[in-house]
1. In nanometres, what is the gap between the two model label sites at R397 and I100, each 7 Å from Cα along Cα-to-Cβ?
2. Check the straight Cα-Cα distances from K424 and name the lysines below 27 Å, setting aside those fewer than 8 residues away within the same chain.
3. Relative contact order for the range 2-93: what is it in percent, counting Cα pairs under 8 Å that are at least 6 residues apart?
4. Check the straight Cα-Cα distances from K219 and name the lysines below 29 Å, setting aside those fewer than 8 residues away within the same chain.
5. What GluC sites (Glu not before Pro) in the range 221-319 are in a loop by DSSP, with at most 10 other Cβ atoms within 10 Å of the Cβ?
6. Once label points are set 7 Å from the Cα along Cα→Cβ at both E54 and S30, what is their separation, rounded to one decimal in nm?
7. With +1 on the Cβ of every Lys and Arg and -1 on the Cβ of every Asp and Glu, and nothing else charged, how large is the dipole of the chain about its Cα centre, in debye rounded to the nearest 20?
8. Between E165 and A124, what is 0.36 nm times their sequence separation minus the Cα-Cα distance? Round to one decimal in nm.
Amino acid sequence: MDDLLAQLHDRLRAGLPAEALITDPDVTASYAHDMASFCAAGTPAVVVLPRTVEQVQHVMRTATALRVPVVPQGARTGLSGAANASDGCIVLSLTKMDRILEISPVDRIAVVEPGVVNAVLSRAVGEHGLYYPPDPSSWETCTIGGNIGTASGGLCCVKYGVTAEYVLGLDVVLADGRLMSTGRRTAKGVAGYDLTRLFVGSEGSLGIVVKAVLALRPKPPRQLVLAAEFPSAATACDAICAIMERGHTPSLLELMDRTTIRAVNQLAHMGLPDTTEALLLAAFDTPDPTADLLAVGELCTAHGATQVVPAEDAAESELLLQARRLSLTALETLKPATMIDDVCVPRSQLADMIEGTSAVAEKYDLTIGLCAHAGDGNTHPVVCFDHHDPDESRRARESFDEIMALGLELGGTITGEHGVGVLKKEWLARELGPVGLELQRGIKQTFDPLGILNPGKLF
Ligand SMILES: Cc1cc2nc3c(=O)[nH]c(=O)nc-3n(C[C@H](O)[C@H](O)[C@H](O)COP(=O)(O)OP(=O)(O)OC[C@H]3O[C@@H](n4cnc5c(N)ncnc54)[C@H](O)[C@@H]3O)c2cc1C
């Protein structure tokens, strides 16, 4: 063992219980990656699983003293390599800090540690008649800390917005070990710069979130889902535009293309209509969801839907949602490897985005399945390929890039919710431009002058 590693272990050990420290290289190696494919990852020197804020502070003080990089991690379900280890780093896994500290129905807030799993929080607040809306498809495993790190979205964002809209305040351990509180637990507050918002989506590059105050809403009525089959993605997109233009407020508006539907059927035998080109799922959690579904069903038919099937009850609705939640996992089974994209365009440009993606698939002779948070214009084209075949791998990478270029051309962004991480570093510079990039680097420098927080991500 070299000197630095021995010193690192000794110093960490001095302020941590034995069970919080993992040094066995076989085990630490298993913390190297999140779920993104083809993103570089290094070998961690050590994994720390703190249970208290003081333990996190001890880790950061040690890292600062020895100039060792720190990679914060939640459940590692990320899709951009943002939680990937760098060589010789301390992986700081926050999964053991998983207590819900408070749920206040009067203040409509929850105060949580970062390792709380999204679905666990949702169920807990549900028992108080409350609702925490951000619901990534990975909600049964991903953590609130990771959701804040990536500013994650989900299925119901079309009505309720994304994580950023629900984070009121944070406790953050800074690079040098100091503890900072940002934001508020009040309904309003404008004191100073909005540092809370700055941390949302910062991918662990500015500090370690150790506590979050989250806004809650009253629990809405149970949503009912409608499935509409379309002969083309373009007609489905016309229906989406009409639904939004008419002022409807769906709690979910999701699209699956034919490739995705088939993949889900193959994986889970769900009996989805796999001869259809595009399946639109719309849901309403309004006081009279049946009436809303009827109106939206009529709009779908007017825009070319060949079949419109409202779910009969909550169980049938849940089944349809389950199918959508399985989409990425199902597409991953089609080929040995996948690259999952996350391009978001103004909803009015969605048809062009989807059509352009098909053209890219044809040009590169690849299978590219697509599912989308269509109401948000957020597409997930999934490039499926065989990474053992160098030519196919090259075509996959080029098509992935071309899809991002298309998104920017259409006035969109390279990432709607998965983040930049390692995967889209070069593309961030293109989206921000030189001035934006310089200022963002300046912010990073202010919070992390030694560059030890999640280095190699974002920039
Ligand atoms: C099947 C599947 C479906 C998915 N569906 C969606 C979806 O619908 N919408 C969506 O937005 N995403 C989705 N994702 C992506 C992923 O689940 C989200 O990005 C999620 O927010 C990551 O949470 P995590 O706990 O796994 O965090 P990780 O992947 O471990 O970390 C994510 C980032 O947050 C940082 N981080 C983690 N904890 C902290 C902390 N305490 N302090 C500071 N930084 C921290 C990490 O350094 C990293 O940069 C999906 C992923 C999968 C595998």
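Laboratory data are not the source of any read-out in this text; all were calculated from the coordinates shown. As the structure is a prediction and not an experimental result, all values here were calculated from the model. Positions of Cβ are backbone-derived with ideal geometry, glycine not excepted, and every protein chain shown enters the neighbour counts.
1. 4.5 nm
2. Within the straight-line cut-off, K424 pairs with K335, K363, K444, K457.
3. Reported relative contact order: 36 percent.
4. K96, K159, K188, K211
5. Listed in order of number, the matching sites are E312.
6. My value for the distance between the label points is 3.0 nm.
7. 1600 debye
8. The span from E165 to A124 would gain 12.8 nm if fully extended.
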